[in-house]
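First up is the structure itself, then whatever we jot down about it.
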Amino acid sequence: MPADPDKRMSLPKTRTHINGFDEITGGGVPTGRPTLVCGSAGCGKTLFGMEFLARGAVEDGEPGVLFSFEEREQDIAANVMSLGFDVPELIANNHLRIDEIRIDAAEIAETGDYSLDGLFLRMQAAVEEIGARRVVLDTIENLFAGLSNHAILRSELNRLFRWLKDRELTAVITAERGRDTLTRYGIEEYVSDCVVVLDHRVNEQVSTRRLRILKYRGTSHGTNEYPFLIDKSGISIVPITGARLDHPVTSERITSGIAGIDEMLHGAGYYAGSTVLISGTSGTGKSSMAINTAYAAAQAGKRSLIFSFEESPQQIVRNMLSIGIELQPLIDSKLLRIRAARPSVLGLEQHLLQMIRELDQFNPDVVVIDPISSFANPGASMTGVSLLVVRLIDALKSRGITALLTYLASSCPQIESTIEGISSISDTWLLLQLVEHSGERNRTIHVLKSRGMEHSNQVREFTIGAKSFDFIQPYLGPDQVLTGTARFVQEVRDRAAHELRRADVTRKRQAHKRLQKQMEAEISSLTSRFETQLDALRQELAEAERLESLASTDHNARAAMRGAKNKNEAEVGG
């Protein structure tokens, strides 16, 4: 069966286990080939090499040798100890060896016989002694100090790199930056299979370290500049520019911790893993509202992490007590963590790396960043700030974390504006405002958007008191939503008008009843009078009919008597 073409053509790689580096290189440095790491002083070249060796020994069980041409063994061991690696123990277990090679530039003579044969013998002995698979040479310039013959230099460099390849040693070689070239001699980068450039720059009095993969033969790799951080955990690189829109989503909802907001969001709160932007001017309650959500999540047994860039943890704990929220018990139970720092202390990338490291260490379900707008100081690049926010939100979404970002808005009419890119990638946007009327200011909230769910389009008034947040049903005045005293006055006026209308209705209802009773009384009187008259008429009619009947009977009787008389007379006459 034919081999898989992807596997057949793939370049073997050795993992460095340096956080982020293996991801941007697609697996690490090339196996059995030399990798050049170059940069100016203080950018982390030696640390990169030592971490490559130490983590290879600890994580993969691959012994390694460091050939140092500059620092002493005890100094290197002490420096790496700060990263948590016990160099003496690694050396005692034959997992690591540090070979210090001193080269005096004054003793080097530029002759045609100059070679690295002696170095090769020493390297061969060190490699065989512990069965090393990884090698670091730090720094290579010292091998050729004082040597200006480029023909000899190139020849010996080629021999060195070929010697490493022939023995299939995965090597990291550090070199210093040149004045007008990538390295001091401008040769090393051409004979290396992989070239990593480290940079340490200062912008607006804030230093930032960056890493770039300049070349990598036989494989694709990230080509952008990546900021990296050096701390007690070693080197951390975040490949933030390669983010993809493939974040996991869920229909699960989490409460905001505030009944009024949940009601405005169709009674169920935010989507879990969504990004919520809470913007408003100073004093509108942004921080309290966001921290309330983190508090509710921690109470439900979820982990909450708060990044504060304006207040200390102690100040946050004290201030939240004023609205009935006790954070300290949750902090003690490890369900809530507060990290505070000034935005100006570190560069944007350093802040981003530290926040992502906190995410990886604490693994929170809810994160509050208060306020995200603090990075947009007058000296900051707005493009850099926008990229920071986009990368941070991407990191949060990829981990399924519900994020609440507060944003200090300007008091200008464009209060709905934010740092470019924040509002468009936020899933829910709550706008808080202070409405000034009748000599007072009152807080209102409006859901500008909430993707994927029904939400209220009304402006709601709310107050912040000893029992957290109290939402007030919207009250529409003649021209606008009324708040505070204006609302109270209008309610009094409306109640008075309502009372007047109700009294008028009562009065008219009573008048209607009186008229109805009067009508009924008059109808009753007329009915009685008419019935009396009808009775009298019926009696008179009955009497008249009786008399008429009697008269008719008498007339008939008389007529009959006259007829009988006439008949008798006729008979007598005949």
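Quick check: anything in segment 54-70 modelled with pLDDT under 90 and either over 27 Å from S233 (Cβ atoms) or assigned to a loop (DSSP other than H, G, I, E, B) (or both)? Yes; the residues of segment 54-70 include at least one that is modelled with pLDDT under 90 and either over 27 Å from S233 (Cβ atoms) or assigned to a loop (DSSP other than H, G, I, E, B) (or both). The residue of segment 188-225 that is farthest from P30 (Cα to Cα), among those that are surrounded by fewer than 20 Cβ atoms within 10 Å (Cβ to Cβ) and of a type in the set (D, E), is E204. Kindly check whether there is at least one residue in segment 439-453 that is open to solvent by 80 Å² or more (accessible area, probe 1.4 Å), assigned to a loop (DSSP other than H, G, I, E, B) and modelled with pLDDT of 85 or more. Yes; the residues of segment 439-453 include at least one that is open to solvent by 80 Å² or more (accessible area, probe 1.4 Å), assigned to a loop (DSSP other than H, G, I, E, B) and modelled with pLDDT of 85 or more.
Taking every residue in segment 31-49 that is among the charged types (D, E, K, R) and pairing it with any residue that is in a loop (DSSP other than H, G, I, E, B), at least 6 positions away or on another chain, the pairs with Cβ-Cβ distances below 6 Å are R33/D193.
Can you tell me which residue within segment 16-35, out of those that are out of contact with any Lys or Arg (no Cβ under 9 Å at 6 or more places or on another chain) and outside any helix (DSSP H, G or I), is surrounded by the most Cβ atoms within 10 Å (Cβ to Cβ)? That would be T35. I'd like the full set of residues that are in contact with a Lys or Arg (Cβ under 7 Å, 6 or more places away or on another chain) and surrounded by fewer than 24 Cβ atoms within 10 Å (Cβ to Cβ), limited to segment 44-59. Matches in segment 44-59: G44 only.
The residues on offer are T174, T170, and the sole one that is modelled with pLDDT of 75 or more and in contact with a Cys (Cβ under 8 Å, 6 or more places away or on another chain) is T174.
For segment 95-112, indicate whether the set of residues that are open to solvent by 70 Å² or more (accessible area, probe 1.4 Å), small (G, A, S) and at pLDDT 85 or above is non-empty. Scanning segment 95-112, I find no residue that is open to solvent by 70 Å² or more (accessible area, probe 1.4 Å), small (G, A, S) and at pLDDT 85 or above, so the answer is no. The criterion of at least 3 residues that are buried (at least 21 other Cβ atoms within 10 Å of the Cβ) and in contact with a strand residue (DSSP E or B) (Cβ under 8 Å, 6 or more places away or on another chain) is met by the following helices (runs of 4 or more DSSP H) wholly inside segment 226-340: 286-299.
Each row is one residue, and each column tells you yes or no for (1) within 27 Å of G269 (Cβ to Cβ); (2) charged (D, E, K, R); (3) open to solvent by 60 Å² or more (accessible area, probe 1.4 Å); (4) modelled with pLDDT under 85.
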site	(1), (2), (3), (4)
I415	yes, no, no, yes
D427	yes, yes, no, no
L434	yes, no, no, no
H437	no, no, yes, yes
H455	yes, no, yes, no
R493	no, yes, yes, yes
T506	no, no, no, no
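The values are calculated or read from the model by the stated rules, or taken from the named source; none is laboratory data. All values reported here derive from a predicted model rather than from experimental measurement. Counting neighbours? That spans all protein chains shown, and the Cβs are built from the backbone with ideal geometry, glycine included. For the accessible areas, the whole protein counts, side chains as well, though only heavy atoms, and no ligand, DNA or RNA atoms are used. Shrake-Rupley method; radii C 1.70, N 1.55, O 1.52, S 1.80 Å.
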